[in-house]
Structures are given as C-alpha cells and as structure tokens.
Amino acid sequence: MSFVNVPTIMLCGFLVQAVFAWLFWRNWRTEPGRQEFLVWSAAASTASIGSLLMAFYPGAYSLGSVTIGPGLVLMSLALAWQGSRRFDHRDVDLNLASAGPLLWMALTSIVPIFQTGIIAPLVLWGVLTGIYAGLVVQELRTSVREEHLPSRPMVMNWFGAHGAIAMLAVLMALAWSLTGEGASLPQQSLWFGLLALELLLHGIVTAVSLHILVKERLQLEHHWAAATDTLTGLVNRGTFLDMLQTLSMKVRGEGAFLYVDVDHVKRINDRFGHSGGDHVLKTCADLIARELPQHALLGRLAGAEFAAYIPFCDLEKAEALGHVICESVAQQIFALGDALVSVTVSVGVAHGAVQVTPDELLKRADAALHSAKVNGRNSVVVWHEGERPSYA
C-alpha cells in the first residue's frame, strides 16, 4: 500500500512529539510547582526520539529501531501514567514505570526469538502497551469522584481504546502466526501502516487532552479561590449564601442555623498582632467544623463570624450543638507569643420550616447572636417563634 508509508508516519510522530515536549517544558518553566508538566515533557521527548529511531527500521533486527526505539515509546506511555499520578497529587515511581520498557529492551536484545521473527515482538509490545494504558485509565478513574473534570472521562476512554487496540494487535499477530508467515510480514503492509497511524493519533490526542485537563483544573482552582476564604479554607459569605439557598430548597427549609462569633478578637489582634488573631480564627473554624455533622454547611461570613446550616436538625439538637461548640472553644488553650490564652464564642440559633426563607433564617440567627453578645457573650441564645430580640 504505497499511500501508507510507515517511515513518513513515524517521522511525523517525531515532529509532533517534539513540539508537545517543548510546550510541556515551557508550561513547567512557567509553573514549576506543577511537576506533571515536567513528567509529561519527558514522556513526549522519549516518544519523539523513539519514533525517530523506528522511522529507520531496515526490515530486519537492529538495536536502534527494534530495541531502543519501541522501548522509548513504551517509556513515554509509562511516563504519561506517572504524570497522571502527579496530576492527581500522588507520588511518582520511576522505577516501577521503567520496568516494562527495560523488560522490552532486555528481551529484544538478548532472546533470539525476538530478533528472528515479528510475532514475539508484536505480542510483547501489545501486552506491555495494554498494561500501561490500563494503568493510566485506573489512575484517572481513581480521582473521578474526588474532582470532577469534564474531560477526564474522554481521556480515560481514549487510553482505554489505545490499550484495546494494542491487545487487538496481539490477537492479530497470533492469528497471523497460524499462517506460518509471521516472520516475513512486510513492514509496508496495511496492518503496520494502520498501527503507525494509531500511534501518531494517540500521541496527538493524548497531549491535547492532557492540556485540556490542566486547563479545566486551573479553571476549577480559580473558581474555588473565588468561593473560598483563604484563611480558614471555608466557603466565603457569597458562596455560603448561594449554597444555603440551594440546600434550603432541597430540604424544604427544614433545618437549623447557627451563627457563631468569636468573642473579643480585636483585643487579641491589638495584643498579639493579626497573626495571633488569624491563628485563633483558623483554630476556631477547625473546632466548629469538627463538632458539626458531616452534612452541615459551614462558612465564614465576616471577620470573626461563622455560620452553619444543618439540614433536618430540630431546635433542641441545634441548641445542644451550640453548647458543644462553646465548650470546645473554651477548652482550647492558644499559645500566643509568651502567653497562654483562652477564647470564647457566642452562638445564635434559629430553626426554619417550609415557610421560612434562608434570608429570614439568617436574620433570626443574627438577632439571637446579638442577644448573646449583649447578655455578656460566651453563651447560646435561641430564637423562638414570636420573640423579637433587641438589637439595641
């Protein structure tokens, strides 16, 4: 098939992978903290060199085009796997990644059956490719529930298809061996051409899709940065109110609202500096989160004010939670400078039903919190139906 020229395809692969290696390297230089860029740059570089060596396959065994070239292409897939691990904040294991490529190079350079026939190399190549592609899919699937990125399923499906094609090539090689002509399979056959095209397409789609994944991660990080309080890691006021509106509608308003204020933070800032006050606020946020149910919504509404919404929580349980939070904070000792300091909180509690809007629930809890502060702080005040706590 004259229109399927394997050396030309492999040379195209060399150029494409070299470009992607440079792009990943440039991205890593811009953001050195994202080490997945460096790993993926190494993957594209090895694929580029491997493709160049394979382009000069002479039709018989040679160390460069049969042993080193395919070994480097296998190494690029292994590095893509390790880059995916680093992308999902897991450790890189280069020793494990290099096991397959080293096995390939050892067998093809030492064992005669891998030098005299085409079937054994094709089978080994397909099996190792299928294994590494499967490892990439497994790695991406592990983090699907932890972080939703729209393109992650697409990347998983593509690597799965790449592994499936590799295993299909194994079956075809074994079937070809039954004809007794496997050793003389010509390099320029349609079969080899299609495999080379798939390899080229895989390199392009993989690099592009990985760039898309990174872009989606950055967009998600920017979204959360805008929605999150940088000191405590809790959602900020705007995000909390939006989520409260949505959650309240889902549970038909049946829930309790706790408004918590850390007492006399200004005194701590004046005495120990804002770093001392920040330490107190961060610790109090952690203590409040620890005492709340896992399904509770917690956010930082202002400087020393935190709010929590607990769905399907009656008034008695909400009041009890308020007292638990007060006691938990009061028992905490803060080491600020050379002093040991204790801190208290005031809590306002309100309960909502179907007819109570989130805004009204917030106003009721705020009014109860104001009463707790007026009455001497370090206390829990519950808003009861018909009461109108004073703001004076």
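The values are calculated or read from the model by the stated rules, or taken from the named source; none is laboratory data. Worth saying up front: this structure is predicted, and the values here are computed from it rather than measured. Note: ideal-geometry Cβ built from the backbone for every residue, glycine included; neighbour counts use all protein chains shown.
Is it the case that some residue within region 337-351 is acidic (Asp, Glu) and closer than 22 Å to residue 238 by Cα? Talk me through it step by step, then tell me what you get.
Restricting attention to region 337-351, the residues satisfying the condition of being acidic (Asp, Glu) are 338.
In the following step, the residues that additionally are closer than 22 Å to residue 238 by Cα were identified as none.
Looking through region 337-351, none of the residues is acidic (Asp, Glu) and closer than 22 Å to residue 238 by Cα.
Inside region 339-376, can you point out the residues that are surrounded by fewer than 19 Cβ atoms within 10 Å (Cβ to Cβ), under 24 Å from residue 271 (Cβ atoms) and in contact with an Asp or Glu (Cβ under 7 Å, 6 or more places away or on another chain)? If the condition is that a residue be surrounded by fewer than 19 Cβ atoms within 10 Å (Cβ to Cβ), under 24 Å from residue 271 (Cβ atoms) and in contact with an Asp or Glu (Cβ under 7 Å, 6 or more places away or on another chain), then 344, 373 are the ones that fit.
Quick check on this structure: which one of 36, 31 is more than 24 Å from residue 104 (Cβ to Cβ), out of contact with any His (no Cβ under 6 Å at 6 or more places or on another chain), touching a residue at least 40 places away in the same chain (Cβ under 8 Å) and not aromatic (Phe, Trp, Tyr)? Residue meeting the stated conditions: 36.
Looking at 141, 85, which is the one that is among the basic types (Lys, Arg), under 24 Å from the mean Cα position of the chain (by Cα), modelled with pLDDT of 90 or more and part of a helix (DSSP H, G or I)? Before the answer, list the steps.
Values: 141 fails: modelled with pLDDT of 90 or more.
Step by step, each of 141, 85 is checked, and only 85 is among the basic types (Lys, Arg), under 24 Å from the mean Cα position of the chain (by Cα), modelled with pLDDT of 90 or more and part of a helix (DSSP H, G or I).
Within region 305-319, the set of residues being out of contact with any His (no Cβ under 8 Å at 6 or more places or on another chain), surrounded by fewer than 21 Cβ atoms within 10 Å (Cβ to Cβ) and in contact (Cβ under 8 Å) with a residue 40 or more places away in the chain comprises 305, 312, 317, 319. Can you confirm whether residue 257 is of a type outside the set (Ser, Thr, Tyr), outside the structural domain of residue 140 (by TED's automatic domain parsing) and surrounded by fewer than 20 Cβ atoms within 10 Å (Cβ to Cβ)? Spelling it out, it is not the case that residue 257 is of a type outside the set (Ser, Thr, Tyr), outside the structural domain of residue 140 (by TED's automatic domain parsing) and surrounded by fewer than 20 Cβ atoms within 10 Å (Cβ to Cβ).
I'd like to check something: does region 272-281 contain any residue that is more than 35 Å from the chain's Cα centre (by Cα) and modelled with pLDDT of 90 or more?
yes
Elements of the type strands (runs of 3 or more DSSP E) sitting completely within region 276-392 and holding at least 2 residues that are closer than 28 Å to residue 254 by Cβ and of a type in the set (A, V, I, L, M): these cover 297-300, 305-311, 345-352, 380-382. There is at least one residue in region 226-240 that is without any contact (Cβ under 8 Å) to a residue 60 or more places away in the chain, closer than 27 Å to residue 319 by Cα and assigned to a helix (DSSP H, G or I). Checked against the criterion of being outside any helix (DSSP H, G or I), in contact (Cβ under 8 Å) with a residue 60 or more places away in the chain and either surrounded by fewer than 21 Cβ atoms within 10 Å (Cβ to Cβ) or assigned by TED's automatic domain parsing to the domain that holds residue 214 (or both), region 114-133 contains one or more residues that satisfy it.
If you go through region 229-271, how many residues are among the hydroxyl-bearing types (Ser, Thr, Tyr) and at pLDDT below 90? Before the answer, list the steps.
Step one: list which residues in region 229-271 are among the hydroxyl-bearing types (Ser, Thr, Tyr), which gives 230, 232, 239, 246, 248, 259.
Then keep just the ones that are at pLDDT below 90; that gives 230, 239, 246, 248.
So the count comes out to 4.
So which residues in region 262-293 are of a type in the set (Lys, Arg) and either crowded, with 17+ Cβ neighbours inside 10 Å or on the phi > 0 side of the Ramachandran plot (or both)? Within region 262-293, none qualify. Might you check whether a residue that is farther than 20 Å from residue 360 by Cβ, part of a helix (DSSP H, G or I), among the charged types (D, E, K, R) and free of Cβ contacts under 8 Å to residues at least 12 places away in the same chain occurs anywhere in region 248-269? Taking every residue of region 248-269 in turn, at least one turns out to be farther than 20 Å from residue 360 by Cβ, part of a helix (DSSP H, G or I), among the charged types (D, E, K, R) and free of Cβ contacts under 8 Å to residues at least 12 places away in the same chain.
Considering (1) over 28 Å from the mean Cα position of the chain (by Cα); (2) in contact (Cβ under 8 Å) with a residue 40 or more places away in the chain, the lone condition that residue 60 does not fulfil carries the number (2).
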